[in-house]
Amino acid sequence: MKMSWLSFSMSVTFIYSLIFLSIEFAGSPFVGFKGFALLVAQWLIATVCCGGIMGAISVSRLSFALLFPLMCTASAALAFFKVTMNVQLTPVSIELMMLNEARTWSTVMSPALFFVILIALIAGIAIAVIRWRCVTVKHPLDCLMLSVIVILIPGCFIPRLYVPVMERMPFVFYGAFAEYRMNRIGITEHRTTFDDIDALAPDGAPDVVFVIGESLRADHLSLNGYSRTTTPLLASDTAVISFPGMHTIPCYTHTSVPHIMTPADSVSPLRAYDDQSFITLFRKAGFTTTWIENQNVSPTFTYFLHEADTLIYPNPSRSHYDFGKWLDSDILPVFDSFALRGDRNLAIVHTKGSHWWYNSHYTDDDALFTPEIDSRLLSELSQEQIVNSYDNTILATDRFLYALIDRLRYRNAVLIFISDHGEALGEDGNYLHGDDYPTLHNPACFIWYSDEYASHYPEKVRALRMNASKRWLTDVMFHTALDAASICTEALIDSLSLFRQ
Ligand SMILES: [Zn+2]
C-alpha cells in the first residue's frame, strides 16, 4: 500500500490531535451549541498548526522515525500528568524539574505512567514504520515549505494565535522550553545597581509583607466606596489605609511588576529592566527575604525572584488553558513555613488575584455574586456575569489578605498591597487587560500595620493617613517598601514614600 505525503501527514495529525489536543481541551467551559462550535473551531485551528509540524517531520522518513515516537512518548507523559495530577508543562515546572533531585523524581513515577509511555512508544514506532515503507514524497522541498508556512501561522501571520497554540501540544515542548531559557537569561543577568550603596535598618526593624495583586481595580473595593461588599474583612480593620488615587503607567503584568520593584519612574522607565529591586537593599540591611510566586513568571521579572534568599512556587504547573482551581489561599501553608523565619523578614507575595478565568481563583465560599461566568468565550457572557465573577475574586482576595494579616497581627509588622494594574469590565465594550484601557491604570493599593508597628512608628502611620486621599504614581512603591522598614539608604527618596508627609 502506498500513501501520499499529504494524506499520511493529515491522518497522523488527526489521530494525534484527537488524542492529545482533545485531552488539553477537555474541561474547557462552554454554553450551548454555539459555545461548543467555537471550542471545536479552536481545536481545529490548533490541529491545523500541529499539521505543520507533522508535515515537516514526515518529509524525511529518517526524521519521522527519530522524532515521531519521541513526540508520542513525551505527549503521552504530559497527558498523563494533566489527567492524573492537573500538572502542565510550564517554564516554572521545567525550572523545578531541573532543580529536583532523582529522589523527588521517583515520587511521580508509577507503573501506570510507564504503561502509558510504553503504549505511546509502540504506537509511535508502528506509525513510523508505515511512514518508512508506504509513503512517497514527490516534491520534498515544496512539502517542507508548505509545512513551515503552516507552522509559522501563529508566530508570523496571525499573532493572536501565538499564545493559545504555543501553550498546547506539541508546540508547548518548544514554547515552554524557549520561555524557560528566556527566564534563565533574566536570572543570570549581572545587575550592579546597589553594589556601592549601603542599607541599614534599626534594631527591632519590622517584618514587611509586600503583596503584588493581579488585575484588581481600586473602584471595585467596598473599602473605597464600591456599592457591593467586596472587602468586608479588610474594611472591618481600622489599621487598613487605602490609596484609591494610585495610578500606574505600565498596565500589563510584565511591565508593571518590574516598575513596582525597582526605582524606575516616569522619567526613567527603563530602569525597570536594568536595575536591581528593593530586595537587594533589604538583604543588605539584614532581612531574611522570601518570594512566594503564584503566577507564571515572565522574563521581565524573573531576576527579582532570584534576588530573594528563598523562592517558592505554590502552584508551579498551572497554565491559563486549564480551568481548575488556582487559588491564592494555596500560598498560606508556604507562607507559614518560610516567610517569617528571621529576626527581620521581607516576604514578597505575588498573587493570582483577579486574573481571567475568574472562577478558577475563588472557592464556592466566595461565590456570593451570581450568575457567574460559565463560558470561556466572552461573546457568550453577559457583563453582569463577568462583573459577578470578578467581584467574587475580590472576596477571595479579601479573605486571603485577612488571613495574612492574622499571621502578622501580634508582630511588629506592616503589609503593603499594590495591584499590578486594573481590569476592563465592559467599559466601551472592552474586557480584561489585553490592550491599554483607561480602567487598567487605577490599581488597588492599601497598607495595613500592626499595633506594635503603630507604637514604634506613629509618625509613619500619621503620614499614611495624610497621604491616603492624594493622587500617586506606582513610582512610589520602591521607596515606600524601603521606608516601611525604616531602612536608611541613599537609594530612598523621602518625597516618594507614602510613609512621609
Ligand atoms: Zn497582571
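Each value in this text was obtained by applying a stated rule to the coordinates, not by laboratory testing. Everything numeric here is computed off the predicted structure, so don't read it as measured data. All Cβ positions, glycine included, derive from the backbone under ideal geometry; neighbour counts span all protein chains shown.
Before moving on, here are some points about what is shown:
- Looking at the chain, the DSSP beta bridges with both ends there are about 30 percent antiparallel.
- For the range 173-183, backbone phi angles converted through the Karplus equation (6.51, -1.76, 1.60; θ = phi - 60°) give residue-by-residue couplings of 5, 7, x, 5, 5, 5, 5, 4, 5, 4, 4 Hz, Gly and Pro being listed as x.
- In this simple spin-label approximation, ILE158 and MET466 carry label points 7 Å from Cα along the Cα→Cβ vector, and these lie 5.8 nm apart.
- Over the range 3-187, volume per residue of the alpha carbon convex hull, in Å³: 142
- Cα gyration tensor shape of the range 166-274, rounded if a/c is under 1.5, else prolate or oblate by comparing a/b with b/c: oblate
- DSSP beta bridges fully contained in the range 207-496 are about 30 percent antiparallel.
- q = 0.07, 0.09 Å⁻¹, the range 207-496: log10 I(q)/I(0) [Debye, one scatterer per Cα]: -0.23, -0.39
- Extension gain, SER22 to SER7, is 3.3 nm, computed as 0.36 nm per intervening residue step minus the present C-alpha separation.
- Across the chain, the mean sequence separation of Cα contacts (distance under 8 Å, 6 or more residues apart), normalised by length, yields a relative contact order of 20 percent.
- Average projected area [Cα convex hull, the range 99-200], square nanometres: 13.4
- Note, ³J(HN,Hα) from phi for the range 425-434, Karplus 6.51, -1.76, 1.60, rounded to Hz, x at Gly and Pro: 10, x, 5, 6, x, 9, 9, 6, 9, x
- Counting 0.36 nm for each residue step from SER268 to ILE185 and taking away their Cα separation leaves a gain of 27.6 nm.
- Rounded to the nearest whole Hz, the Karplus-based 3J(HN,Hα) values (6.51 cos²θ - 1.76 cosθ + 1.60, θ = phi - 60°) of the range 268-276 follow the sequence 10, x, 6, 4, 4, 10, 10, 8, 6, with x at glycine and proline.
- On Cα atoms only, tilt of 383-408 relative to the major axis of the chain in degrees: 60
- Within the range 224-309, the proportion of C-alpha pairs whose separation exceeds 23 Å stands at 43%.
- Taking only the Cα atoms of the chain, the ratio Rg/Rh comes out at 1.02, with Rh defined as the Kirkwood radius.
- Alpha-carbon Debye profile of the range 376-501, log10 I(q)/I(0) at 0.12, 0.17, 0.19 Å⁻¹: -0.59, -0.97, -1.09
- Close amide H contacts of HIS247 (hydrogens built in the peptide plane, cut-off under 5 Å, sequence separation of 5 or more or a different chain): TRP472, LEU473, THR474.
- Annotation for the range 1-62: trypsin sites (Lys or Arg not before Pro) lying in DSSP loop with at most 10 further Cβ atoms inside 10 Å of their Cβ are LYS2.
- GluC sites (Glu not before Pro) within the range 398-501, DSSP loop, no more than 11 other Cβ atoms inside 10 Å: GLU490
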